[in-house]
Structure formats: structure tokens, C-alpha cells
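Okay, structure first, notes after.
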Amino acid sequence: MHQVKGERNQETMAFIASCLSYGSRTVFMPRIQFLLDSAHGEPYEWISTGAFQRDIPDDSACFYRLYTNRMMLDFFQALREMLLEYGSLRNYIEAFVHRKYAVENCLTTKNRQQMSEIHAIDAIESLCSYFSDRQIKGIVPQNTQSCCKRVSMFLRWMVRNSSPVDLGIWADFIDKKSLIIPLDTHVLNQGLRLGLIEGKSVSMVAARQLTDKLLRIFPDDPLRGDFALFGYGINTK
């Protein structure tokens, strides 16, 4: 995602990369690089024009771990439809959240227009809902009951602007204080060891509980604790 220029390219590549970022880095990084090379540094155009169909065969062969080529094609087609209808992931999330709260009568027309910051949980829900509605399974979580680690990681990349890892291009869009820690078994175990959390299930409930504890320590940027927990785990091995 740092290899491409322009916000639409960066958010598109970051979302795709986040969906593949599990397992061994030595295995998933080459698959991400393959997609980046196939897109010639223009992932937004590669997806929105359907050019990805030329580079990925329509068969059941393995693309990466549990993802087949056909699953990736279906995922990219759904993403293409989003980009064609809304123009960008950011625009889609904003439209979804505004519709959600308008239906719930929580926002008037006036303050919908004035709304500038969105909470991360709403952004996560919007992405889960979109791909679930289009029968995309496995690549994007079906709902927010799971910990949604990879979607949370995508949002961290987009929103945080105080780290060389993160892009920060959505810093004006989603409230950094609302970000949710990308939870996995490793992070959960570190949280348990430090007494930050009690539950042993890798779920959204646990992710939000741990994030709430980190928010007390880092009130302006709770996901600073993501790196702290990771470093703690490395240093105590």
C-alpha cells in the first residue's frame, strides 16, 4: 500500500492487502506483491475496470491458503461494484453510516451533512454487511460478532497518522479514538497475561473490552497499545 500513490489507490490496495494478511508473512506478502504487480501500481483502476479478470484464472485452484482463484474473482467483482457505484471505499462507508443513522432517526438532514467523523465499529459493520450481502464468505467477515481482525487492521492503517506503518489518509474521516484493536490469539494472550482482559474468546466483545482498557492508558490513540502488546510478547519469549 506504500508502493502506490493517490488516496483511492492506497485505500484499495490496503483493503485488499488486509484481507490477505494472515498466516506467514513469507507466504502472504508474495501474493500481495503479485496483485500489486498485476495492477502495475494502479489497483483502483485494475479493480474498477475489471482488468483483474485477465490476471486471475476462473478456476478452483488455490490462490492463498483457503482462498481459491474463483473466490478472489468474486471478491474483486464485489469490490468493483462498490467502487463503480460509490467511487471509493471511503465514500461507501460514509453513505452506509449516514443511511444507518438516518433510518434510526439519530441524525437530521442538517447534521448528517455536518458529520465529519465516523466510529470504527460502524465502518467495520458497513464492510461486513456489503460483502455478506453479496455472498462473499471467508475473505471478509459476515458480521461484527467475530473480532474482525483484518478489517480493524485496515482501519488502523487508514486512520492512524503517527506511525511509519500506517497511512493516516482517513485521519479526518474516522475518529482515531474509536479504532478497535486487531485482535488475535497472540494479542489476547498478552492482554490476559497483563490483566487487561478476562475473557478467553477471540471475539468483537473481547476486542472492544481490550480496546477500552487501552483507551484509559492511551486516551488519544488506543491502538498505540497494539504495538506495545506485540513488543511485550516478543520481549517475553
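Okay, here's what the table says:
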quantity: Mean Kyte hydropathy of 0.0 or more with a Cα span along the axis of at least 18 Å, helices from DSSP in the chain; calculated: 25-38, 69-86, 120-133, 204-217
quantity: Dipole magnitude of the stretch 111-218 about its Cα centre (Cβ charges: Lys, Arg +1; Asp, Glu -1), debye to nearest 20; calculated: 260
quantity: Given charges at beta-carbon only (K, R positive; D, E negative), |dipole| of the stretch 1-104 in Debye; calculated: 280
quantity: Cα lying deepest toward the dipole's positive end in the chain, options G87, Y101, Q190, charges on Cβ; calculated: Q190
quantity: The stretch 181-236, relative contact order [Cα under 8 Å, separation at least 6], %; calculated: 38
quantity: Length-normalised contact order for the chain - Cα pairs under 8 Å, 6+ apart - percent; calculated: 14
quantity: Most to least packed among 47-53, 131-137 [average Cβ atoms within 10 Å]; calculated: 47-53, 131-137
quantity: Amide H contacts of I118 (H built 1.01 Å from N, under 5 Å, at least 5 apart or other chain); calculated: I174, D175
quantity: Selection from Q209, C147, G23, by position along the positive dipole direction of the chain (Cβ); calculated: Q209
quantity: Relative frequency of Cα-Cα separations exceeding 27 Å in the chain, percent; calculated: 35
quantity: Length added when fully stretched, S24-A228, from 0.36 nm per residue minus Cα-Cα; calculated: 71.3 nm
quantity: Charge dipole (the chain, unit charges on Cβ, about Cα centre) - positive-most of P164, A123, F227; calculated: F227
quantity: Rounded to the nearest 20 debye, dipole of the chain from Cβ charges on Lys, Arg, Asp, Glu; calculated: 640
quantity: Three-way shape call for the stretch 165-227 based on the alpha-carbon gyration tensor, with the a/c threshold at 1.5; calculated: prolate
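Just so you know, all these numbers are worked out from the coordinates, no wet-lab data involved. In this text, all values refer to a predicted model and were calculated from it rather than measured experimentally. Using ideal geometry, Cβ is built from the backbone for each residue, glycine included, and neighbour counts are taken over all protein chains shown.
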